[in-house]
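A short worksheet on the structure shown next.
The values are calculated or read from the model by the stated rules, or taken from the named source; none is laboratory data. Quantities reported herein were computed from a predicted structural model and do not represent experimental measurements. Every residue, glycine as well, gets a Cβ built from its backbone with ideal geometry; the counts of neighbours run over all protein chains shown. Only protein heavy atoms, including side chains, enter the accessible area calculation; ligands, DNA and RNA are left aside. Shrake-Rupley method; radii C 1.70, N 1.55, O 1.52, S 1.80 Å.
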Amino acid sequence: MVKTIGLLPVGEVPFLVEVADSVRRNFCTEVEILRLPLDLSSSYDPGRGQFHAGSILRLLSTYPVSVLRLVAILTVDLYEHGLNFVFGEAVSGGREAVVSTYRLYHPDPHTFRARVLKEVNHELGHTFGLKHCPDPSCVMSFSNSVLDVDRKGETFCPVCRRALDVALASEGVSPCTGTTLRR
Ligand code: ZN
Ligand code: ZN
């Protein structure tokens with residue numbers, strides 16, 4: 001059984017190594033940085049100057065790689081119907097997720113990096129069936145703005161952690177050792 005989470009950078013994506021480390025710790029899987037190209041042109045809306053997140057998820061569904069989960073990390077601006085922008089989107093309980101660094105930028109690299117790690121872990125959480133969490137410090141809490149992203153933590157609250165461990169176990173991934181459990 002494949003137990004690798006694939007990260008697919010499109011463009012000059014920052015903090016890839018740190019993102020891979022964070023995903024490895026949170027999801028207890030191998031993490032691979034994929035280098036096959038992804039042509040986003042069909043998801044571009046010239047009227048909005050943005051890329052449609054749902055279309056990118058559909059593109060990813062045909063991406064020819066055998067991984068447990070596939071997260072595209074982009075630097076371009078994303079939108080979804082009815083929303084001005086999205087930080088990312090995922091197939092709930094599915095294989096694919098997409099995250100954009102575009103709206104997460106901060107001149108302080110520590111803040112910028114923390115935002116990217118949180119949003120990647122958040123969207124991956126959705127692919128394991130997790131919903132938005134009412135705990136504002138949980139990485140699964142909903143973020144309407146970067147202020148919300150800055151407020152939440154990079155890890156899962158105990159409730160989400162348990163749900164995630166069950167989901168991971170159902171796919172043959174051994175539970176985390178507890179190092180990512182919050183005190
Ligand atoms: Zn979400
Ligand atoms: Zn939670």
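Which FRET efficiency value, to the nearest 0.05, is calculated for residue 66 and residue 16 with the Förster distance at 22 angstrom and r the Cβ-Cβ distance?
0.60
According to the square roots a ≥ b ≥ c of the eigenvalues of the Cα gyration tensor, what is the shape class of segment 1-140, taking rounded for a/c under 1.5, prolate for a/b larger than b/c otherwise, and oblate for the remainder?
Details: a/c = 1.31, a/b = 1.11, b/c = 1.18.
Here segment 1-140 falls in the rounded category.
How big is the accessible area of residue 80 in square angstrom, nearest 10, if you roll a 1.4 angstrom probe over the protein chains?
Approximately 30 Å² of residue 80 is accessible to the 1.4 Å probe.
Give me the number: length gained by fully extending residue 35 to residue 170, i.e. 0.36 nm times residue separation minus the C-alpha to C-alpha distance, one decimal in nm.
45.8 nm
Heavy atoms only, probe 1.4 Å: what % of the accessible area of the chain goes to carbon and sulfur, would you let me know? Each step should come with its number before you reach the end.
Values: 4800 of 8580 Å².
It is 56 percent, rounded to a whole number.
For residue 4 and residue 131 in the same chain, what is the full-extension length gain: residue separation times 0.36 nm, less their Cα-Cα distance, in nm? Don't jump to the answer; show the numbers that get you there.
Values: separation 127, 0.36 × 127 = 45.72 nm, distance 2.22 nm.
Extra length from residue 4 to residue 131 when fully extended: 43.5 nm.
If you take the charge dipole of segment 4-172 about its Cα centre, with +1 on Lys and Arg Cβ and -1 on Asp and Glu Cβ, which of 15, 74, 170 is farthest toward its positive end?
170
With a probe of 1.4 Å, find how much accessible area the chain has per residue, and write the answer as a whole number in Å².
47 Å²
For a Förster distance of 30 Å, can you work out the FRET efficiency between the beta-carbons of residue 25 and residue 58, rounded to the nearest 0.05?
On the way: r = 30 Å, r/R0 = 0.99.
Computed FRET efficiency for residue 25 and residue 58: 0.50.
Just how large is the dipole of segment 36-182 about the Cα centre, in debye to the nearest 20, putting +1 at every Lys and Arg Cβ and -1 at every Asp and Glu Cβ?
So the dipole magnitude of segment 36-182 works out to roughly 300 debye.
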